[in-house]
1. If we keep just the residues of segment 125-169 that are part of a loop (DSSP other than H, G, I, E, B) and among the hydrophobic types (A, V, I, L, M, F, W, C), which is nearest to I36 (Cα to Cα)?
2. So which of R136, R143 is touching an Asp or Glu at 6+ places or on another chain (Cβ under 9 Å), more than 17 Å from G90 (Cβ to Cβ), surrounded by 15 or more Cβ atoms within 10 Å (Cβ to Cβ) and among the charged types (D, E, K, R)?
3. All but one of (1) modelled with pLDDT under 85; (2) among the aromatic types (F, W, Y); (3) farther than 20 Å from F39 by Cβ hold for W198; state the number of the condition that does not hold.
4. G173 fails exactly one of the following numbered conditions: (1) assigned to a loop (DSSP other than H, G, I, E, B); (2) farther than 27 Å from V57 by Cβ; (3) open to solvent by 60 Å² or more (accessible area, probe 1.4 Å). What is the number of that condition?
5. Confirm whether A164 is more than 30 Å from D77 (Cβ to Cβ), hydrophobic (A, V, I, L, M, F, W, C) and modelled with pLDDT of 85 or more.
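The values are calculated or read from the model by the stated rules, or taken from the named source; none is laboratory data. As the structure is a prediction and not an experimental result, all values here were calculated from the model. Heads up, the Cβs are rebuilt from the backbone with ideal geometry, glycines too, and the neighbour counts pull from every protein chain shown. Areas reflect the complete protein model, heavy atoms only, side chains present, ligands, DNA and RNA absent. Shrake-Rupley method; radii C 1.70, N 1.55, O 1.52, S 1.80 Å.
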Amino acid sequence: MARAVIGPVTVAVTDPDPDPNPETVPVPVPDPRAVIDHFASLHDLDTIWMDIRPGDVSRTVTVAPGMAMATYTRGADDLATLALAMHEAGHALFRAQLRQRAMLGFDPPRWLDEAVAAWAVRALEDPRVIGDAMLRRLAAARRHRREAATARLAAYEAAVQAGADPHEAWPAGLDPAAYPQLRDEPGVMASYAAADRWPRRVLPRKVGP
């Protein structure tokens with residue numbers, strides 16, 4: 001959709017929530033897997049049907065109904081890496097709870113999938129998950145920047161779909177190369193923006209095998 005602005009992308013997508021102003025985190029950042037396990041335990045979410053690990057790209061794949069595998073890549077700093085891990089863990093946890101999805105006959109809408117991923121990233125601001133207050137503040141600042149950028153990109157996406165010139169409509173100050181998903185996923189920023197507006201941050205409880 002925005003191919004004229006973004007052009008060819010030669011690097012892998014590494015961050016579903018790109019941070020235009022990455023900061024060096026001056027506090028220790030816990031291991032992503034430990035945070036994911038603690039977050040899941042806190043909300044009584046079953047992790048037995050999911051696998052998450054570092055990888056070359058950040059991606060979640062539904063292996064079978066109620067089974068998911070996720071990878072997360074290295075971010076701009078340790079906090080970005082942790083946020084990426086939590087984002088993909090949110091996708092994986094959501095799918096891992098839906099073991100009866102095949103009987104429902106439909107997949108959750110994209111905005112809801114992204115809302116759960118955003119909810120998981122927001123847990124980095126929860127003192128029950130992250131004990132260090134400075135790290136929580138940095139996570140909140142990063143989220144606010146991302147949500148502001150997402151709202152601008154969703155408006156751009158809508159404008160281009162309505163016929164605006166992609167070059168003229170592009171939001172000033174944002175690097176087009178940082179948002180290659182705009183090329184390949186029409187409506188992706190609308191989904192991200194809807195996820196950010198989602199008022200309820202609730203995941204389903206454990207569902208038995």
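1. For segment 125-169, the residue satisfying everything is V129.
2. R136
3. Only one criterion in (1) modelled with pLDDT under 85; (2) among the aromatic types (F, W, Y); (3) farther than 20 Å from F39 by Cβ is unmet by W198, namely (3).
4. (2)
5. Yes, satisfied.
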